[in-house]
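Heads up: the structure comes next, in structure tokens.
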Amino acid sequence: MKKFFHYRRWQSPERSSAAITVSREEVHGPGTFDNYPDTPSQPLDYGVSAPKPRPSKVAQYINTLKSGFVLILKTAEPFLEGTPFQIPISVLNTVIHLISVVADNNDDFEEILNDIDRNSKVINDAISQTTDSEASVHIRKFFGKLKSEMDTVFALTHRGLGRKVLESGDDVKVIESAIRRIDSHFRAFQVEMTLLIQRMLHRVQIEAGMRILDAAAANEASYDSEDSYSHPPCHPDTRRDYLSRLDEWSHNETTRLIWMHGPAGVGKSAIAQSFCESLHAQGRLGGSFFFKKGHPTRGNAFRLLPTLAYQLAQVSPEFKFAVTPRVAGDPALVRKSLAGQMSKLIIDPYCDAPSSHKFVIVIDGLDECDGEQHQQEILHCVKQACSQNLVVLVVSRPEPHICEAFLASRLSQILYLSVGSSLDDVRLYLLRELRRIRQTHESMTTAPDIWPDWTTVEYLVKQSSGHFVYATTVIKYIDDRDWDPQKRLAIVTGFRHPDLDSQLPFAKLDQLYMEILLTVPGRSRLIKILWIIALALKLSISHIAQFLSIDCTDVRLLLRRLHSVLDVPATDDEGHIKEHHKSFSDFLTDPLRSGIFTLSETGRAFLENAALKAFCESPSDGSLPSNNHVAWVLPLFNPTIQGSLSSVDVEQWLRHVNPDFMFARTGLMCAKLPLPDVVTWLKDRYSSEEHIQRWEDYGCLAYFNFFANQIVNRCCHSPSATTAASISSELLGIIHVYTLFGPSSLVDVRLLLDTSWEDLRATICPLRATVTTSEQWKNLFLAVMKGSPPVQSDERLQMLAGRCIQLIRNPPYPGFIMPRTWSCVLRACSPSANLLNMLQDIVDFDNFPALAETEPTYANVELVHACHILKWLHTFPEHPTVSILIAKLMNSKARSMRSFEVHKMVDGEWLRWKRRTGCGDSL
């Protein structure tokens, strides 16, 4: 018999009652274990003799072990309800008693009981902290194993009536093995619960982080939100080229940032919407944000990055696991600066969670974000993100501060995509939408089968200037279910006035223009510039500055925020400001649409006064005003019939107007300024005789210039006839300028003759006494042309050729073009060292571009001039300067200058010019 049975086993009633017997009310309170068998009020007699006195530590472990088991049962009760894994208290008491008996006789169990005690506390805490369904599975699995072990031990007490438990060493081994397995189960369950709690805590962090991001995000800014979808995507089969380029870019491994820009209403947002839909279908859309000016969330810069982080977390699990713990640990991250948000919410999590997917972020309408400073900060953050392998599309109008931010960027991987107009896409959109209205609108049942006609569609396409904002506005206006589409289309095309109770056809377009204009400071000066644009004066930046007496810098600053509706030239002196869309000028001229910005009668009067002031400016020395003076490009108008100016202002202008500005145009100037009406107006107001005579002389000069250009160029001289005796030599000299140079303006004649307006008036205006009708003017010039041409000395020809070279070198006014035949005049001159020196300044590659690869035709004016100059140079004797100039001309136009066709063409022109002018016969 084993040593185990030599021990005297005993158990005092007090110890048994205290250590083994525990009522359910004492431990759990009433009703907790109602489904368990009642626990005996007295300890059961299992036939085991009382053990020897137990060591104090073992007794302590047994007591705490029993309490720990009972506490675990209570804590796990919600998870075990209705399962076969519940452990009755009677079984627990019996098993604890048997364990205590075996533990008393085995010192090795002290550490095992200690481990079970420690683990039970940890397990109890873990069970009490979880409500997760996954935890329920683990708890039930653990209690299933625990119940199995207890059932194994408890079964030893039911092997037969009167049989004594623990009478054999096998029974002891069974209990010892059960105790060790229970310890193992406790250890394993503790690890499982620890891992489970960690996962639970991580899920809690993720959920908390997502809730924080969701609260800080602007979900209305997403491309597919109801709010953003007020700007629909591209119409099918339109804007294919831009969408194709964007798709190609999104797959490119080198480009990380693209800026798609264009004027207002061209359809940028629609392209961005369609691109987002395409990316979403491919699973590559990381996030989208569509800004909207003035919106509480969509216009807020600080909502951008939390929104993008939230959207990225939804499509990328790796990013979600990286960003949400950061946000849960520090909820203030969503309220940090834009740079801080970009670092903590986007860049750091993205770098910590590498993904095989290449996500694209779309930011539309950046110019509508509140505050230019915030817009620039966003661009700075975006460029930082792109340097960390993120891919971003930014869409905006070409506002100057945004252009400057992109141009100042050091990031090389930027693609610039300019969205322009498309007449074909607008036409396709209009045709399909109007066809839909024809088929679906209930009032169109009696409409013609072909509605509208092609002419109307083309009118709408032309009016749109290829901008979708116009086309979509027209369709929305026509498609109103409460109105007749045919009548509304007539309103749009201008054949019908809108009803009093009907909204204006371009209300949405007007709202867009007003929003843009109201953002500009310095409104009083801006309105004056808008008046100039509405009146289509086509002035450059420098001309507007002169016209309004402000600096060019001020003009640019005033137009700084209008690049979305205006095309502003890059330089101050070249080009003119023009609208991107014709509807903008229509908007400015309609007071019902543009309100304070409209071109009112007050505006017209202001512009007319400014124009009159400009026309009256002239240098004191009698020379021409500078060639960049605004009056050179201002259109002529008749102030006597405008009705916006007072009689005093008009008469003051008529008294001091500079004739250079009136007669710089060829043709009959009085077509724009009816001079007889001006004279009549002056006579009706009893103006001075001197004042009236001056304008009568101006009328005479205008008629003289008109008929000189109409008749002289068509006639050839006949040496056999005689010249009219009434024609003075000075007048013949003036007419001869027309014959030498062809159609010219009076200003050009004045410049070529280097004379004054008073001299021209004194020479030409006496004809007014004998020549009063158009027929008399024609007969006068015919008589002159049929007579012998005045003898032109070589000195006079050289003077005229020298003046031509000077004017070519320094153009006197904008748009000045030297008459085509000036090189013929030079060719008719005898060799002159003075002309040769002057010629060196203009015979260079800038004024005479190389035309060697072009077809030698008569339209190549520079080539014709070069040939005539070359012919004249060959009349010189040997001279170093002549050789240099010939070499320049031959080298720059080697192929054309040696062409037989070119020389034939030039010689033919030379012969025609000689027949018309009578010059050059001796050469």
_Lone qualifier among ARG326, ARG335 - being open to solvent by 60 Å² or more (accessible area, probe 1.4 Å), touching a Pro at 6+ places or on another chain (Cβ under 8 Å) and more than 26 Å from HIS280 (Cα to Cα)_ = ARG326
_Against the condition within 27 Å of THR473 (Cα to Cα) and surrounded by 16 or more Cβ atoms within 10 Å (Cβ to Cβ), how does ARG593 come out, does it pass?_
yes
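Restricting to helices (runs of 4 or more DSSP H) lying wholly in the stretch 718-823: which have 2 or more residues that are within 13 Å of ALA708 (Cβ to Cβ), at pLDDT below 85 and touching a Lys or Arg at 6+ places or on another chain (Cβ under 9 Å)?
Output list reads 729-741.
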*Going through the stretch 596-610 one residue at a time, which ones are open to solvent by less than 30 Å² (accessible area, probe 1.4 Å), part of a helix (DSSP H, G or I) and either touching a Lys or Arg at 6+ places or on another chain (Cβ under 8 Å) or modelled with pLDDT of 85 or more (or both)?*
PHE597, GLY603, LEU607, ALA610
*Filter the helices (runs of 4 or more DSSP H) completely within the stretch 276-363 down to those with at least 1 residues that are at pLDDT 90 or above and under 23 Å from the mean Cα position of the chain (by Cα).*
304-315, 338-341
*If you scan the stretch 139-164, which residues turn out to be open to solvent by 40 Å² or more (accessible area, probe 1.4 Å) and modelled with pLDDT of 65 or more?*
ARG140, LYS141, LYS145, LYS147, SER148, ASP151, THR152, PHE154, ALA155
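With ALA264, ALA313 as the choices, which residue is closer than 25 Å to ALA405 by Cβ, open to solvent by less than 20 Å² (accessible area, probe 1.4 Å) and among the hydrophobic types (A, V, I, L, M, F, W, C)?
ALA264
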*Can you spot a residue in the stretch 404-419 that is β-branched (Val, Ile, Thr), in a helix (DSSP H, G or I) and either in contact (Cβ under 8 Å) with a residue 24 or more places away in the chain or more than 30 Å from GLU253 (Cα to Cα) (or both)?*
no
*Looking at GLU192, GLU167, GLU226, which one is at pLDDT 75 or above, open to solvent by 50 Å² or more (accessible area, probe 1.4 Å) and not polar (S, T, N, Q)?*
GLU226
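Among the candidates GLN388, GLN373, single out the residue that is part of a loop (DSSP other than H, G, I, E, B) and not aliphatic (A, V, I, L, M).
GLN388
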*Sort out which residues of the stretch 505-521 are touching a helix residue (DSSP H, G or I) at 6+ places or on another chain (Cβ under 7 Å), modelled with pLDDT of 85 or more and not in a helix (DSSP H, G or I), and write them in order of number.*
VAL520
_Quick check on my filter: what residues within the stretch 195-219 are open to solvent by less than 70 Å² (accessible area, probe 1.4 Å) and within 30 Å of GLY144 (Cβ to Cβ)?_
LEU196, ILE197, MET200, HIS202
*Go through the stretch 565-586 and give me each residue that's part of a loop (DSSP other than H, G, I, E, B), touching a residue at least 24 places away in the same chain (Cβ under 8 Å) and farther than 18 Å from VAL633 by Cβ.*
VAL565, HIS580, HIS581
*Restricting attention to the stretch 473-482, and to residues there that are in contact with a helix residue (DSSP H, G or I) (Cβ under 8 Å, 6 or more places away or on another chain) and open to solvent by 20 Å² or more (accessible area, probe 1.4 Å), which single residue is modelled with the highest pLDDT?*
ASP479
_Verdict on GLU253 being open to solvent by 40 Å² or more (accessible area, probe 1.4 Å), closer than 30 Å to ILE516 by Cβ and among the acidic types (Asp, Glu)_ = no
*Within the stretch 524-564, track down each residue that is loosely packed, with under 15 Cβ neighbours inside 10 Å and in contact (Cβ under 8 Å) with a residue 40 or more places away in the chain.*
ALA536
*Any hit, the stretch 427-441, residues being among the polar types (S, T, N, Q), modelled with pLDDT under 85 and either over 30 Å from GLN376 (Cα atoms) or open to solvent by 30 Å² or more (accessible area, probe 1.4 Å) (or both)*: no
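The values are calculated or read from the model by the stated rules, or taken from the named source; none is laboratory data. In this text the structure is predicted, and so the values were computed from the model without any measurement. For neighbour counting, all protein chains shown are included, and Cβ atoms are generated from backbone atoms with ideal geometry for every residue, glycine included. Accessible surface is based on the protein model in full, side chains and every heavy atom, while ligands, DNA and RNA are left aside. Shrake-Rupley method; radii C 1.70, N 1.55, O 1.52, S 1.80 Å.
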